[in-house]
Amino acid sequence: MIKNKKSLFAALLIVFSLMAPEVASATPQLNQAGIRLGRLAESASSGNDLFVSFKLNTTPTSVSKITITFPTGFTVATASPSVVTTNRPNSPATTATPGTLTAASTGGGAGSGGTIVVSGLTSGSLNSTTLYGFTVASGVITNPATPGQYNPTVESDDSGGTPIDVTTTPTYIYGASANQDQIGVTASVAPNFTFQLSANADSVPQVDSSTVKTSGGVTMTVATDSPLGYTAYVKSANASLNSATSPATPIATGTFDGTPDSFVAGSTKYGFVPSTGTACSTCTGSISYDAEYAGLDAAHAGAFNTAGNFASFVSRSGYTNSDQISLKERVTVANTVGYANDYTDTLTIVAAGNY
């Protein structure tokens with residue numbers, strides 16, 4: 001019995017002695033390592049870039065390469081993908097890997113795994129307390145066709161390619177039944193249109209045959225999110241200023257013919273004068289005036305359409321957060337227009353978005 005125990009002990013010593021060199025020679029782990037694939041869906045390749053972060057452990061000044069090894073299931077193309085150290089994720093915070101980095105990817109065929117070796121690290125600039133990061137461009141990695149956990153590794157190598165530190169960095173590939181890795185986002189923007197007049201009354205200063213007078217004006221404010229803009233319209237109830245005191249001498253509008261009318265003291269005429277006020281701060285396209293109301297100055301005005309009919313007078317060809325248009329009326333009279341202080345008309349101003 002004792003002899004058998006001694007034999008068993010001797011056998012265990014032999015087994016341990018055989019294992020001990022392997023344990024002693026096991027490659028240490030990096031202090032920290034991680035990979036972020038651009039896609040986690042099965043068989044995904046488009047947009048599948050690779051972000052690698054690592055913190056060195058043993059003899060960092062000997063490190064000149066980082067090797068990422070992909071297990072069976074992944075397809076790695078043989079290529080020379082670009083490597084960038086900018087646009088790193090905010091978390092975990094990483095430092096750009098020092099050096100002029102280049103990459104070489106090698107694979108053995110569909111689903112057989114492969115490696116990406118990033119070379120050119122500046123050994124003398126590395127330390128074991130900094131988390132470094134870089135991104136390998138998409139185009140070389142195709143995910144496995146079978147969902148599940150896979151265990152790529154990240155290792156630091158010396159200039160000869162001998163591993164120094166190595167860490168397993170598991171990732172999970174999702175199948176179609178698990179909704180994979182993308183969210184299709186939809187949204188809608190409600191159509192928006194606002195319209196406002198600053199007042200509902202306007203007055204032309206007292207006029208006589210020696211003057212041309214213009215009202216103080218009312219401001220129209222229009223906003224719309226339509227890329228086709230809006231159009232504003234004016235309608236005169238009478239196409240003239242009428243007086244109950246002197247009904248025989250209305251102050252009639254000019255000629256509605258697509259051309260502004262000239263206003264000369266001593267003639268009788270009533271017109272409409274729209275002009276752009278404060279410019280919009282967010283808008284596209286441009287404001288344009290219909291020919292009847294375009295290019296107006298102190299001696300011209302646009303005529304109203306026939307009584308009770310709308311005429312478009314201004315439009316914008318894009319969206320706007322706020323267009324302000326000043327609306328005024330201009331009047332001249334001859335001595336044949338009877339004296340009275342009750343000449344009136346009602347203008348209806350409306351606007352509509354173009355959708």
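The values are calculated or read from the model by the stated rules, or taken from the named source; none is laboratory data. Because the structure is a prediction, the values reported are computed rather than measured. Quick reminder, even Gly has a Cβ in these numbers, built from the backbone with ideal geometry, and neighbours come from all protein chains shown. Just the protein is used for accessible areas: all its heavy atoms, side chains included, with ligands, DNA and RNA removed. Shrake-Rupley method; radii C 1.70, N 1.55, O 1.52, S 1.80 Å.
Points to keep in mind about this one:
- Reciprocal mean inverse distance between Cα atoms of the stretch 130-283 - Kirkwood radius, Å: 24.8 Å
- In the chain, one over the average inverse separation of all distinct C-alpha pairs is 27.8 Å, which is the Kirkwood hydrodynamic radius.
- For the chain, the longest principal axis of the alpha carbon atoms and the long axis of helix 2-25 meet at an angle near 40°.
- Neighbours of A103, meaning other residues whose beta-carbon lies under 12 angstrom from its beta-carbon, give a summed charge of 0 when Lys and Arg score +1 and Asp and Glu score -1.
- Altogether, the Stokes-Einstein calculation at 20 °C and 1.002 mPa s, with the Kirkwood radius of the stretch 212-292 over Cα pairs as Rh, returns a diffusion coefficient of 137 µm²/s.
- The aspartates and glutamates within cross-link reach of K213, meaning a Cα-to-Cα straight distance under 12 Å and a gap of 8 or more places when in the same chain, are E329.
- Here the chain has 54 percent of its accessible surface on carbon and sulfur atoms, given a 1.4 Å probe and all protein chains in place.
- A176 versus N335: modelled label distance in nm, points set 7 Å from Cα along the beta carbon direction: 9.4 nm
- Put simply, the amide H of I164, placed in the peptide plane, has neighbours under 5 Å in S156, D157, D158, leaving out anything fewer than 5 places away on its chain.
- Summed over the residues of the chain and divided among them, the accessible surface reaches 51 Å² per residue at a probe radius of 1.4 Å.
- Accessible area in the full protein assembly, largest first, 1.4 Å probe, for R330, R39: R39, R330
- Within the chain, helix-based [θ] at 222 nm, where runs of 4 or more DSSP H residues each add -39,500 (n - 2.57), nearest 500: -2500 deg cm²/dmol
- Excluding same-chain neighbours fewer than eight residues apart, the aspartates and glutamates reachable from K328 by a Cα-Cα span under 20 Å are D202, D208, D257, D261, D290, E292, D297, D342, D345.
- Per the Debye formula on identical point scatterers at the alpha carbon atoms of the stretch 23-122, with no solvent, log10 I(q)/I(0) at q = 0.15, 0.17 Å⁻¹ is -0.70, -0.89.
- Stretchable slack from T106 to S128, in nm (0.36 nm times residue separation minus alpha-carbon distance): 5.1 nm
- Hydrodynamic estimate: the Kirkwood radius of the stretch 68-131 over Cα pairs, inserted into Stokes-Einstein at 37 °C and 0.692 mPa s, corresponds to D of 246 µm²/s.
- Using only the C-alpha atoms, the convex hull of the stretch 85-177 corresponds to 136 Å³ per residue.
- Percent of Cα pairs exceeding the 15 Å cut-off, where the set is the stretch 152-203: 77 percent
- Within straight-line cross-link reach of K65, aspartates and glutamates at Cα separation under 14 Å, skipping those fewer than 8 residues along the same chain: E155, D157, D158, D165
- Against the rule of thumb 2.2 N^0.38 Å, how large the Cα Rg of the stretch 275-355 comes out: 1.35
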